[in-house]
1. First compute the accessible area of the chain with a 1.4 Å probe, then give the percent of it belonging to carbon and sulfur atoms.
2. Sorting 72, 106 by accessible area (1.4 Å probe), largest first, what list results?
3. Taking the Cβ of residue 281 as the center, what net charge do the other residues with Cβ under 14 Å away carry, scoring Lys and Arg +1 and Asp and Glu -1?
4. Which residues in the range 167-181 place their backbone N less than 19 Å from a point set 7 Å from the Cα of residue 132 along the Cα-to-Cβ direction?
5. Running a GNM on the chain with Cα contacts under 10 Å, which residue among 107, 279, 121 ends up with the highest mean-square fluctuation?
6. What do you reckon, how do 311, 275 stack up by accessible area (1.4 Å probe), largest on top?
7. Compute, for residue 46, the solvent-accessible surface of its heavy atoms (probe 1.4 Å) with the complete set of protein chains present, and express it in square angstrom to the nearest 10.
8. Which residues' amide hydrogens lie under 5 Å from the amide hydrogen of residue 240, considering only partners 5 or more residues apart or on another chain, with H built in the peptide plane?
Amino acid sequence: GEKMRQIPKEVIEEVERLREEIEYHNYRYYVLNDPVITDEEYDRLMRRLIELERMYPELVTPDSPTQRVGGKVLEGFKTVKHSVPMLSLDNTYNEEEIIEFDKRVKKTLQESEVEYVAELKIDGVSIALRYENGRFVLGATRGDGVEGEDVSENVKTIRSVPLRLRKPLTIEVRGEIYMPVDEFKRLNEEREEEGLPPFANPRNAAAGTLRQLNTALVASRRLDSFIYYVVHPENYGLKTQWEALQFLKEIGFKVNPHSRLCKNIQEVIEYWREWKERKRELDYWVDGVVVKVNRFDFQKVLGETSKAPRWAIAFKFPAEQART
Ligand SMILES: NC(=O)c1cnc(N)c2cc(Br)sc12
């Protein structure tokens with residue numbers, strides 16, 4: 001066989017340094033929305049890495065930032081079993097029902113006051129992301145909750161999804177992949193020009209994109225992410241959902257900035273009223289608020305049914321007339 005070519009040490013070092021640097025600037029730009037270099041400087045770094053990986057293909061790794069531009073056409077998606085089922089949420093539609101939820105929670109816990117975390121319910125596609133020693137290894141759709149589709153190659157093209165965490169953790173997290181409204185509008189204009197039917201809404205556009213077998217096409221569309229859930233949070237010393245959200249941000253995920261820690265259900269209702277009106281300020285669609293008991297020990301006591309947790313519920317916004 002071909003003799004294993006010796007790769008100069010300085011090349012290996014330059015490739016590793018470029019990767020770290022590029023992923024750091026990705027994090028600054030797409031997660032913190034606070035870049036510290038210009039696009040030209042970023043492109044120069046990326047072009048240099050692409051050039052070195054072309055000269056030394058054996059250096060390419062699945063979590064290299066060059067994998068974000070796609071370029072594979074997949075045969076299909078493998079099925080993957082979720083580590084723990086991805087549950088859905090029961091719904092409530094008005095203040096009376098959310099107060100009933102609070103009463104049930106307090107009764108089961110035998111607690112007079114229960115803290116909640118209120119989080120915007122993103123109208124997108126649920127996703128599970130797995131990392132081994134800090135490196136991205138799997139992106140899976142929810143599917144039927146027990147099994148989903150391995151859409152890793154497509155997820156890699158989503159700039160706000162880190163390919164390497166800021167800590168070398170082996171962890172699974174969950175969240176939502178969504179299409180920003182202005183990207184949704186641009187894409188539908190493009191489809192009209194191509195004589196293709198427009199997507200009905202950003203959720204369908206995100207779902208349709210994530211199911212594409214041509215990864216370059218996925219990379220050409222601006223999908224984004226919000227991560228809001230740590231699988232087995234006790235393994236990372238986390239005691240509450242509020243801590244979990246800070247932890248997710250610290251290790252490199254994009255976390256929705258509008259979540260609120262509520263000391264009781266009244267504050268949840270105030271949050272819901274506020275965002276029922278303010279949601280049009282957002283550049284993504286939301287269809288309600290997810291209300292979660294904050295303490296993980298209380299979540300454990302409350303448990304879950306086969307379909308949904310008893311410690312969380314969706315507090316939906318009133319359905320509007322069909323949105324334009
Ligand atoms: N913040 C959250 O927990 C959240 C946000 N957006 C969503 N579409 C969902 C769905 C489930 Br299930 S949880 C959740």
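1. Carbon plus sulfur share of accessible area: 51 percent.
2. Numbers: 72 90, 106 50 Å².
Ranked list, largest accessible area first: 72, 106.
3. Details: positive: 276, 278, 279, 280; negative: 182, 274, 277, 283.
My count for the surroundings of residue 281 gives 0.
4. It comes to 167-174, nothing else.
5. 107
6. Values: 311 25, 275 5 Å².
Final ranking, largest accessible area leading: 311, 275.
7. Answer for residue 46: close to 20 Å² accessible.
8. For residue 240, whose amide H was placed from the backbone, the distant partners under 5 Å are 296.
The values are calculated or read from the model by the stated rules, or taken from the named source; none is laboratory data. Please read these numbers as outputs of a predicted model, since none were measured by experiment. Every residue, glycine among them, receives a Cβ derived from its backbone with ideal geometry; neighbour counts consider all protein chains shown. We work out accessible area using only protein heavy atoms, side chains counted, and drop any ligands, DNA or RNA first. Shrake-Rupley method; radii C 1.70, N 1.55, O 1.52, S 1.80 Å.
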